[in-house]
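Presented below is the structure to which this report refers.
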Amino acid sequence: MMTSIAVLITLLLSVDSFVPSHKLSFLTKKAHNNAPPSLSAKKVEFSKYHGLGNDFILINNLESGTPPLTPEESSKLCDRNFGIGADGVIFASKSEKDGYDLKMTIYNSDGTEPEMCGNGIRTLAQFLVDESAKEGNMPTLPFTYNIETLAGPILPKVEASREIEVDMGYPIFTAAEIPTTLDANFEDGGVVDQDIDVKGKTFKCSLVSMGNPHCVVFTSGPEIVSDAELMDWGSVLESHPAFPANTNVEFVAVQSDTHVVMKVYERGAGPTLACGTGACALVIAAVRSGRIPHARDGVRVTLPGGDLVIQWGGEGEKVYMTGPAVLSFKGDVEV
């Protein structure tokens, strides 16, 4: 009996001699992932919202001008397997500048910080209304917020219908301000239908900045690119040397003078279900390239997650975007 026990103990102590190394690494990783949270872990309250499936983690930080999470911590929260899952984290922070109601800081799922996000700012506006209502201070709708962003002031207006119209400001066309190293070929110093070679294929790219850069590629007919083509071509165009700050990439199929379909590869996030600044950029590019006559009365943009309406009166005019923002759930998380 004692001999049997001794053999069993020996086998247990030498288990690593017959467990494959990849199994051991998995067990080690699993143990690490299941480890109790550090005593220094921060507990953060959050709300999860989406704008046409473009989803964000919203955090109330109105008492401070500095986000409570680092870009690396935010990126971990965005992980769809080991975190909450999102395309980005948005902080509603205190603005130190006169005239603003608050400041928007956003980190992409890869931890980078974009200048602005059209769907994100709609979710932020709805989040602010919901937070005010929770505190018994519901604003009278329609209500407009003046929000500080890295792209300048952005003014989302929450309508009584809960649709949100956003004054997106003025588009930027000058090649150096996009920024891009492509040669300007348009009368105002912009880039319209300029050739870029990628993987043996030539794309005609029209560039617009909405405070963040966009490369718009129109298909030759009404059919939009496949998801595989979006992933393949979008990833290469995003980091093409012609874009020193990288770029968002939109593939667009024009359906009529008032309707376009798009898929987007977002800078720092990859394929997403919607992109508000991208929808604005592609409508402007469609007008400037002569593919649609104008957008004064609104153009419907169909994205994988649903529709946005974009209005632009033409050169020297602001751009307006209208669409929904929806609460998914709330909670708290230790980081």
Specify the residue that is nearest to the chain's Cα centre (by Cα); the eligible residues are those in the range 307-317 that are open to solvent by 20 Å² or more (accessible area, probe 1.4 Å), of a type outside the set (S, T, N, Q) and more than 12 Å from PRO171 (Cβ to Cβ).
-> ASP307
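Can you name the strands (runs of 3 or more DSSP E) wholly within the range 222-335 that have at least 1 residues being without any contact (Cβ under 8 Å) to a residue 60 or more places away in the chain?
248-256, 259-266, 270-272, 295-303, 306-312
Can you find a residue in the range 184-194 that is of a type in the set (Gly, Ala, Ser), within 22 Å of PHE218 (Cα to Cα), touching a Leu at 6+ places or on another chain (Cβ under 9 Å) and not in a loop (DSSP other than H, G, I, E, B)?
Filtering the range 184-194 down to residues of a type in the set (Gly, Ala, Ser) leaves 184, 189-190.
Retained after the next criterion (residues that are within 22 Å of PHE218 (Cα to Cα)): 184, 189-190.
Filter again for touching a Leu at 6+ places or on another chain (Cβ under 9 Å), leaving 190.
Then drop every residue that is not not in a loop (DSSP other than H, G, I, E, B), which leaves none.
No, the range 184-194 contains no residue that is of a type in the set (Gly, Ala, Ser), within 22 Å of PHE218 (Cα to Cα), touching a Leu at 6+ places or on another chain (Cβ under 9 Å) and not in a loop (DSSP other than H, G, I, E, B).
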For the range 182-214, name all the residues that are open to solvent by less than 20 Å² (accessible area, probe 1.4 Å) and either among the basic types (Lys, Arg) or within 16 Å of ALA253 (Cβ to Cβ) (or both).
-> PHE203, CYS205, SER206
(1) at pLDDT 95 or above; (2) open to solvent by 20 Å² or more (accessible area, probe 1.4 Å) all hold for GLY221 apart from (1)
For the range 227-266, enumerate the residues that are among the acidic types (Asp, Glu), over 28 Å from ARG296 (Cβ atoms) and open to solvent by 40 Å² or more (accessible area, probe 1.4 Å).
-> ASP227, GLU229, ASP232
What about THR277, is it at pLDDT 95 or above, closer than 15 Å to ASN119 by Cα and among the polar types (S, T, N, Q)?
-> yes
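The values are calculated or read from the model by the stated rules, or taken from the named source; none is laboratory data. Because the structure is a prediction, the values reported are computed rather than measured. Using ideal geometry, Cβ is built from the backbone for each residue, glycine included, and neighbour counts are taken over all protein chains shown. Note: accessible area is taken over every heavy atom of the protein model, side chains too, but ligands, DNA and RNA are not part of it. Shrake-Rupley method; radii C 1.70, N 1.55, O 1.52, S 1.80 Å.
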